[in-house]
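The values are calculated or read from the model by the stated rules, or taken from the named source; none is laboratory data. What you see is a predicted model; the values in this text were computed from it and never measured. Virtual Cβ from ideal backbone geometry, glycine too; neighbours counted across all protein chains shown. Ligands, DNA and RNA are stripped out before the accessible areas are found, and what is left, the full protein with its side chains, is counted by its heavy atoms. Shrake-Rupley method; radii C 1.70, N 1.55, O 1.52, S 1.80 Å.
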Amino acid sequence: MADPTTAMPASAQPRQRRRLVRDLKAMPGFTATAWLCIVTLYLPILVLIAFSFNENRSVVLWTGFSLDWYAKALENDGIRNAAWVSVKIALFATVISTIAATMAALATTRTKKFAGQGLVYGIINQPLMIPEIVTAIATLSLFALVKKVTGLTGIGYLMLAHAAFCIPFAYMPIRARLETMTLTLEQAAADLYAPPLKVFTLVTLPLLGPGIVAGAMLAFVVSLDDVIITLMIAGPGETTLPIYILGAIRRGITPEINAVSTILVAVSVLLVMLLFLVQRRMQR
Amino acid sequence: MSGREPQSALAAAIEQNKRTERVTRAWLLAPALTIILAISILPLGITVVYSFLTPGTYGGVTWEFSTDSYVQFLFQRDIFDDTLVFNSAYVSIFLRSIGLALGATLGALILGFPTAYFIATKPREQRNIWLFLITLPFWTNLLIRTYAMLLIIRDEGIINIMLMKAGIISSPLTILYTDTAVFIGLIYSFLPFMVLPIYASLEKLDFSLVEAGYDLYANRLKVLFHVIVPLAKPGIVAGCILVFIPGLGAYITPELLGGGKKLMIGNMIAMQFGASRNWPFGSAAALILMALVILVLLLNALAARRGASNNG
Amino acid sequence: MTGTEIARDRKAAVSVRSLSKTFGQGEYAITALDSVELDILENEFFTLLGPSGCGKTTLLRLIAGFELPTNGSISLQDQDITDKPPHRRPINTVFQNYALFPHMTVAENIGFGLRMLGRPTAEIKQTTERMLALVQLEAMAGRRTDQLSGGQQQRVALARALAPAPKVLLLDEPLAALDLKLRKSMQIELKSLQAETGITFVFVTHDQEEALTMSDRIAVMKSGKILQIGTPRDIYDRPTHRFVADFIGDINILEGTVEHTDGDLATVRLKDGTRVSAHLGTASARSGDVSVAIRPENVRLASTGETPTLTGILENIVYFGAATNLHLRLGTGEEMVIRNPGAVDEGRYQPGATIGAILQPELIRVLE
Ligand SMILES: Nc1ncnc2c1ncn2[C@@H]1O[C@H](COP(=O)(O)OP(=O)(O)OP(=O)(O)O)[C@@H](O)[C@H]1O
Ligand SMILES: [Mg+2]
């Protein structure tokens, strides 16, 4: 027999290659499952977006492209009011929760470990740990009591409720950022004669910036998307966009809802993409 | 300089430092803790109180002590002779909810584990894209996502249309307003919660262990169940909890996809504060739901502790 | 000349008095520093040397003011600074991982200290340029710090700490992250910078060779205590503790009993009866059982006809270029290493052969 290395025909070369790169990690069917997940997650939303551009009133048959439903939605006073209410609440909740979360994150990472630190984490994360419906009816009970005693009404209740459940979302990225920032930089500033306030404004805050931006964006998205808590405690005239959409769905499906929904999804997606970019920069 | 003076000055400085730190910390924590304690935790206390009161006629409560809410959960009071008769209506809603949440957890695991594994074995750049795709739905409005699901699974939805066009079925499948719809909706809603923690534990996995498995004559299935799954267990457990708990308390999914007929705990609680107007009973049901959730978390913590002490 | 003699004719820059630092409380308390006494002199390159966890960083952090001591005091040029916050001490630090501000340029980093001191802009600019020239980074002034190599970052950290012209510069293992070659050249640069600027340097390392080549004086630390302070020669040739002797280079240690003393000299009877005279130095043991130490290079092979101090059986020969180590098993059962410059005649020195060794009497020390 000839020496196998010299006798090997040229055509055998690629075959051997393929055997060499065979992926031992791959499992049969896993790739298909992953794609199935992506399709499941995205198909419904994509169909919704597509039909929001349908010219026909039908949400079944595609007849042609049109922006009519967007025009209709934007002219609708109910939708415009709801959007304005949503934005007002989200802005207030974002500002309050981001400030509170930043301060809390500084307290839990920039001072020595303290007794009760676990309890503090527990309290801050509490809104994440119990089912939203429970928080919703509990908050409703409290607010009903307060309303009865003080007679005060208004959108303030919703704003406060949103601020409360936004805090843990704002807190997460800010704390994560502070934990990766070593104390050494702040010590270096103090070593170079910066008094505590200057250390904070010239070193801590600029470095924490991306974390705060990320926290604020998360808070905004979470507030904008809330349904259950808002549904339970909103008074008359305090309809947010998701609540308006829920009511409209209950009345019947129209392409107008598809258009509003698409806008709301687009806002969230844009914010989250921005967030990813911010975090990318943070990692560098 | 006498020996004592500077020492007491040092002690004073140490004390002063500690005090400053304590005061600063208290001020920094005050806003977040105040808001959450007042708006999220205090209300839970009120809920406990409400659950022991008597319902008011137009919603709200009358301040009269009563354990009726808890009794009502299991029994019905006969209108004529005031005796208690066992009533399975509410218990069955709880059992249905637990069943649906468990089913959805299992479904999400069957879909989520392979997906997480697939992502973890991708090159780093592709991984980030996949993770982004999995995370993105989480940040979009759950109501809208559920509504979108409703659009495609209803009788005139594209799934039925496509199946009919393909000639597989002749009349539309009724999925909407059934348990199946709620089940699909729950998986769809919470799937990202399953994928992410499993991915997190698989990402840390050293894949040379898989190779070692093959090297020791295991086949793919054996490697999967004897090497990979045990190592990914913390992620799997976390994922299951993260799907089960929100699934159990789900409101939007059964509301839209169950058509208000196929109730889950969440809807039942909400109803007591709306149309049915029985706040004490709603409060009691909410507390029972919370107790279930806490039980799951406690069991998990116990298992984790036992696991840790077994290893240690 | 010994360490204490130097201390007499120069002023102390930093004086540390019975300084202690305990972390944690009760059962979990860790004593990182234990009653440390130390005088670091003006204009001196002073090194803290010791194994990991011995408290070097802690001592530096207390001097810098990042932490308050549990006990004791620190003064800077006779002024008590024990409880002054770091921004009020004219002391700067070069951090181990440089701690350059990532959101500032190289020039902004270097000018930071002067800016905080409220110096006029023109002066800041001028000093920054002078510092950039000093560390040869003029071309990098506008760069972000993450665009620099490790060695360049190291230089920026140095320039930043030197710019405000501190009274004392603290350096915590500043060279640890550099590769060997860069490390060697930075050692020389650092040393000459110190000579040029005349600033007192307190340098931390756990590399004994680095300590010996760079320092004016060295303090050897172990478990929160300073064992010996002295010039590199003191530490190397006249170690006072077994730990110091062992930590710095190789050493032969023999057990014995003091027979009598005469001033600094003690006559010690080794276990096989051989008498050697050894320097007592600061050792407190004036009688009874002691350990005596001698470096392998201070032991030589006895030539034919000479009376050896000790004899032993040759067990092993290890050749490494510039020298050869001969491992002897002495009559006392103890091991002794002789470092012979260059190679040895392998025909004559074979394992199993009986070898005579001569100990240079002036370099035998009694250990604490
Ligand atoms: N913040 C702290 N909390 C608790 N213990 C500490 C703290 N800082 C240091 N220690 C302990 O004090 C001792 C001395 O630590 P230090 O960092 O001073 O050692 P080192 O000599 O610098 O060591 P290395 O060469 O490893 O840097 C160690 O046992 C360390 O664990
Ligand atoms: Mg150290």
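Worth a mention:
- Qualifying residue in region C:66-84 (condition: over 23 Å from residue C:226 (Cβ atoms), under 31 Å from the mean Cα position of the chain (by Cα) and within 16 Å of ligand 1 (Cβ to nearest atom)): no
- Only a single criterion out of (1) within 16 Å of ligand 1 (Cβ to nearest atom); (2) in a helix (DSSP H, G or I) is not satisfied by residue C:174, namely (2).
- Of the residues making up region A:223-248, those that are β-branched (Val, Ile, Thr) and open to solvent by less than 20 Å² (accessible area, probe 1.4 Å) are A:227, A:228, A:229, A:230, A:233, A:240, A:245.
- Of A:144, A:164, all but one fail to be surrounded by 23 or more Cβ atoms within 10 Å (Cβ to Cβ) and assigned to a helix (DSSP H, G or I); the exception is A:164.
- Failed item in (1) open to solvent by less than 40 Å² (accessible area, probe 1.4 Å); (2) within 12 Å of ligand 1 (Cβ to nearest atom); (3) more than 30 Å from residue A:198 (Cβ to Cβ), with residue C:59 passing the rest: (3)
- Number of residues in region A:48-82 that are open to solvent by 20 Å² or more (accessible area, probe 1.4 Å) and within 19 Å of residue B:161 (Cβ to Cβ): the value is 13.
- Unmet requirement for residue C:91, which otherwise passes all of (1) surrounded by fewer than 17 Cβ atoms within 10 Å (Cβ to Cβ); (2) facing another protein chain (nearest Cβ under 9 Å); (3) in contact with a strand residue (DSSP E or B) (Cβ under 7 Å, 6 or more places away or on another chain): (1)
- Neighbours by Cβ (under 8 Å, 6+ apart or cross-chain): first from region C:47-76, within 14 Å of chain B (Cβ to nearest Cβ) and free of Cβ contacts under 8 Å to residues at least 60 places away in the same chain; second near ligand 1 (Cβ under 10 Å from one of its atoms) and open to solvent by less than 20 Å² (accessible area, probe 1.4 Å): C:62/C:33; C:68/C:62; C:69/C:33; C:69/C:62
- Within region B:121-190, helices (runs of 4 or more DSSP H) holding 1 or more residues that are open to solvent by 60 Å² or more (accessible area, probe 1.4 Å): B:124-135, B:158-165
- Per-region count, region C:186-203, residues part of a strand (DSSP E or B) and either more than 16 Å from ligand 2 (Cβ to nearest atom) or at pLDDT below 95 (or both): 2
- Selection status of residue B:309, closer than 24 Å to residue A:247 by Cα, hydroxyl-bearing (Ser, Thr, Tyr) and more than 9 Å from chain A (Cβ to nearest Cβ): no
- Looking only at residues of region C:293-306 that are open to solvent by 10 Å² or more (accessible area, probe 1.4 Å), in contact (Cβ under 8 Å) with a residue 12 or more places away in the chain and outside any strand (DSSP E or B), we find that the one that is farthest from residue C:254 (Cα to Cα) is C:306.
- Test: residue in region B:238-250 that is among the aromatic types (Phe, Trp, Tyr) and at pLDDT 90 or above: yes
- Within region B:182-217, the set of residues being aliphatic (A, V, I, L, M), away from chain A (no Cβ under 11 Å) and over 20 Å from residue A:33 (Cα atoms) comprises B:182, B:216.
- Residue in region A:106-118 that is more than 9 Å from every other protein chain (Cβ to nearest Cβ), of a type in the set (D, E, K, R) and more than 27 Å from residue A:216 (Cα to Cα) present: no
- Within region C:206-233, being open to solvent by less than 20 Å² (accessible area, probe 1.4 Å) and assigned to a loop (DSSP other than H, G, I, E, B) holds for C:215, C:224.
- Yes/no for residue C:198 being away from ligand 1 (no atom under 16 Å from the Cβ), surrounded by fewer than 21 Cβ atoms within 10 Å (Cβ to Cβ) and more than 22 Å from residue C:42 (Cβ to Cβ): no
- Of residues in region C:1-28 being away from ligand 2 (no atom under 16 Å from the Cβ), out of contact with any Asp or Glu (no Cβ under 7 Å at 6 or more places or on another chain) and at pLDDT 90 or above, the one nearest to residue C:282 (Cα to Cα): C:19
- Some residue of region B:18-40 being surrounded by 15 or more Cβ atoms within 10 Å (Cβ to Cβ), at the interface with another protein chain (Cβ under 8 Å from one of its Cβ atoms) and small (Gly, Ala, Ser): yes
- Qualifying residue in region C:67-84 (condition: within 16 Å of ligand 2 (Cβ to nearest atom), out of contact with any Gly (no Cβ under 6 Å at 6 or more places or on another chain) and of a type outside the set (Lys, Arg)): yes
- Qualifying residue in region C:121-139 (condition: within 22 Å of the chain's Cα centre (by Cα), away from chain B (no Cβ under 14 Å) and modelled with pLDDT under 95): no
- Some residue of region C:42-54 being within 16 Å of ligand 1 (Cβ to nearest atom), open to solvent by less than 10 Å² (accessible area, probe 1.4 Å) and aliphatic (A, V, I, L, M): yes
- Of the criteria (1) open to solvent by 30 Å² or more (accessible area, probe 1.4 Å); (2) closer than 23 Å to residue C:288 by Cβ; (3) not hydroxyl-bearing (Ser, Thr, Tyr), which one residue C:336 fails: (1)
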